[in-house]
Amino acid sequence: LAGITDHSTSQTPSCSLSVLAPMKQEIFINSTPEESRIAIMEDGQLADFLIERKADMGVAGNIYKGKVARVLPGMQAAFVDIGMDKAGFLHASDFSIEPEDVPLIGSSGDEVEFEEAPKRPPSRRVPLEKQISRGEEILVQVAKDPLGTKGARVTSHVSLPGRYMVFMPGTHHIGISRRIESEEERKRLREIAQALKTDQGGFILRTACEGLSKREIQRDLSFLTKLWDRIQKKSAAAAAPSLIHQDLDLIMRAIRDFFTADTAQVVVDAPKDHRRIIDFVHNFMPRLKSKIVLHSEKTPLFEQHAIEEKITKALERRVWLRSGGYIIIERTEALTAVDVNTGRFVGKRNQEETILKTNLEATQEVVRQLRLRNVGGIIIIDFIDMEKEANRKKVYDALKEALKRDKARTNILKISELGLVEMTRQRTRESLENQLLRPCPHCEGRGKIKSPATVAYEVLRAIRRQQTNGEADHNIVVRMHPDIANFLYDEKNNSLENLERDINRRIIIKASHDFHQEQYEITES
């Protein structure tokens, strides 16, 4: 059950202009031999989209026995060989020989109230070069997947999230998620936490603990302490660099982190994954088993719920607002710029009121898009200029309120007289754009097109749809761009052969330079 990020929540909030209200959350899981895709819907809107391709699985949460390759005193950092193409980056703040010297922020990335506050790092920290040296073997956990040209970010502060808690070996801190608002419930959980204290490590009680018995929480703690024992024993016997512990795959992480009592349903289209999820839920949250549904209809799951269309829209620059206004999202090397425009919306009274309504509506959509696209780093939001200070404050307050439902850490500055808001958002994984697109060779990187893998998997899904409507004794002929044909033959030949066996029909691939890279045509012969 070990991982890094705590996405669990006792209720899935929505934001009006000033009050967060419960949302209807649904989780849709599409699984094929090539990739797993998870869509999290809130009130019918795509709120989060996760994708994991079997050939390129993430490593965040994995624990490695690594070897220090280089120490950089001037940067107070080190590079650690963990057996990947690029060495992991270890900053001094992520390493300490003192078990009490840990960051004040919870491992979940969520706000945490510590019952026993961690000791703050000393003002004169021991220099990193005096704590570790080149060639030394250390146990590290991947905190962030490699992004672009950067290697993985690693930490020696291991955290093992379970269903109900995050176990932190080597510390003695006990924390409770601030998302549990009832003071009476917090008091009850505080007493349980004190009773469960162990010398092996501290822990943070996640939002999913709300309403649970001491026995259920203790079972999670027992599992995590045994897991930590196995990790230590395996590390002691392993040579560096080597993988010591691998985190759950995307589907099981999503069930662990997103599936709560307030989730309306979890729909999965692969019987094998449906059985895995049922087994997992039976062991950790049996009361929720009835909410897990196997999709067995002929219409593909994501098409039936218009998710494919929503994913495509999430890659577009322009996003329309319900009022007729729109926002433009532009990614650059240094930052992401979001521009708000009134568009077709002309209002009913006066210009200031029209601008205020557009800006208020844009705050909700901007936050949803940042989360959906997983935009991280520096973000500049250019709201439409407002004359009144009171209106600027309304927009700023609405933006802050909307950000409460975003699990990624954010820092926001006050709106300027020009209507600009500067903010930062935590980078948790590759952006949706980087996952699904690649620089276009036809425009030398000034635009984007779908990658060969994305188009190839679309072709495979389309073939699966096609075979349900065609003649069983006819071959399936697919015409496509040569790059896509080469990808399918060179890298996914096994997938084609397996698909032919599954549908009991021959698939003929024909390459044509007349086709654009995103274009393909399926016929029968």
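The values are calculated or read from the model by the stated rules, or taken from the named source; none is laboratory data. Note that the structure is predicted; figures quoted are calculated from it, not measured. Here the Cβ positions follow ideal geometry from the backbone for every residue, glycine too, while neighbour counts run over all protein chains shown. All accessible areas refer to the heavy atoms of the entire protein, side chains included, with ligands and DNA or RNA removed. Shrake-Rupley method; radii C 1.70, N 1.55, O 1.52, S 1.80 Å.
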| note | Residues of region 377-395 being open to solvent by 20 Å² or more (accessible area, probe 1.4 Å) and free of Cβ contacts under 8 Å to residues at least 60 places away in the same chain, in sequence order, are I378, I380, D382, I384, D385, E387, K388, E389, A390, R392, K393
| query | Before we move on, is F95 in contact with a Lys or Arg (Cβ under 7 Å, 6 or more places away or on another chain) and of a type outside the set (A, V, I, L, M)? | reply | no
| message | Checking P482 against (1) in contact (Cβ under 8 Å) with a residue 24 or more places away in the chain; (2) surrounded by 15 or more Cβ atoms within 10 Å (Cβ to Cβ); (3) not small (G, A, S), only one condition comes out false. Which one? | response | (2)
| message | I'd like to know if region 333-345 contains one or more residues that are small (G, A, S) and modelled with pLDDT of 95 or more. | response | yes
| request: For P300, indicate whether it is under 29 Å from A55 (Cα atoms), in contact (Cβ under 8 Å) with a residue 12 or more places away in the chain and in contact with a Leu (Cβ under 9 Å, 6 or more places away or on another chain). | output: no
| Total residues in region 328-362, condition more than 19 Å from D397 (Cβ to Cβ) and either basic (K, R) or touching a helix residue (DSSP H, G or I) at 6+ places or on another chain (Cβ under 9 Å) (or both) | 12
| note | If we ask which residues in region 475-497 are polar (S, T, N, Q) and modelled with pLDDT of 90 or more, their number turns out to be 1
| message | So if I check each of A78, A55, which one is closer than 30 Å to L250 by Cα and at pLDDT 90 or above? | response | A78
| query | Can you name every residue in region 28-37 that is more than 14 Å from A314 (Cβ to Cβ) and not hydroxyl-bearing (S, T, Y)? | reply | F28, I29, N30, P33, E34, E35
| In region 360-369, the residues that are within 14 Å of G324 (Cβ to Cβ) and open to solvent by less than 10 Å² (accessible area, probe 1.4 Å) | A362
| query | Taking A240, is it in contact with an Asp or Glu (Cβ under 7 Å, 6 or more places away or on another chain) and either of a type in the set (G, A, S) or buried (at least 19 other Cβ atoms within 10 Å of the Cβ) (or both)? | reply | yes
| field | Test: T354 is surrounded by 16 or more Cβ atoms within 10 Å (Cβ to Cβ), assigned to a helix (DSSP H, G or I) and over 20 Å from the mean Cα position of the chain (by Cα) | value | yes
| request: Pull up region 25-46, narrow it to residues that are in a loop (DSSP other than H, G, I, E, B) and closer than 23 Å to Q364 by Cβ, then point me to the one that is least open to solvent (accessible area, probe 1.4 Å). | output: G44
| query | Does region 243-256 hold any residues that are part of a helix (DSSP H, G or I) and surrounded by fewer than 19 Cβ atoms within 10 Å (Cβ to Cβ), and which are they? | reply | M252
| query | Got a sec? Which of L288, L248 is under 17 Å from the mean Cα position of the chain (by Cα) and at pLDDT below 95? | reply | L248
| query | Being part of a helix (DSSP H, G or I) and in contact (Cβ under 8 Å) with a residue 24 or more places away in the chain, is that true of even one residue in region 54-68? | reply | yes
| message | I'd like the full set of residues that are in contact with a Leu (Cβ under 7 Å, 6 or more places away or on another chain) and either among the small types (G, A, S) or assigned to a loop (DSSP other than H, G, I, E, B) (or both), limited to region 373-383. | response | N374, G377
| field | Residues of region 384-400 that turn out to be of a type outside the set (V, I, T) and assigned to a loop (DSSP other than H, G, I, E, B), as a count | value | 4
| under 29 Å from M57 (Cα atoms), polar (S, T, N, Q), within 22 Å of the chain's Cα centre (by Cα) and at pLDDT 90 or above - does that describe any residue in region 203-212? | no
| said: Name the single residue that is surrounded by the fewest Cβ atoms within 10 Å (Cβ to Cβ) among those in region 128-148 being of a type in the set (D, E, K, R) and farther than 20 Å from K234 by Cβ. | reply: K130
| task | State whether the residues of region 250-266 include one that is under 30 Å from K24 (Cα atoms), touching a helix residue (DSSP H, G or I) at 6+ places or on another chain (Cβ under 7 Å) and among the hydroxyl-bearing types (S, T, Y). | result | yes
| field | Residues located in region 409-437, provided they are closer than 29 Å to E389 by Cα and open to solvent by less than 20 Å² (accessible area, probe 1.4 Å) | value | G419, V421, M423, R425
| said: Condition (residue is touching a helix residue (DSSP H, G or I) at 6+ places or on another chain (Cβ under 9 Å), within 20 Å of C440 (Cβ to Cβ) and assigned to a strand (DSSP E or B)) applied to region 494-507: is it met by at least one residue? | reply: no
| field | Residue satisfying all of: in region 88-100; farther than 24 Å from K233 by Cα and not polar (S, T, N, Q); modelled with the highest pLDDT among these | value | F89
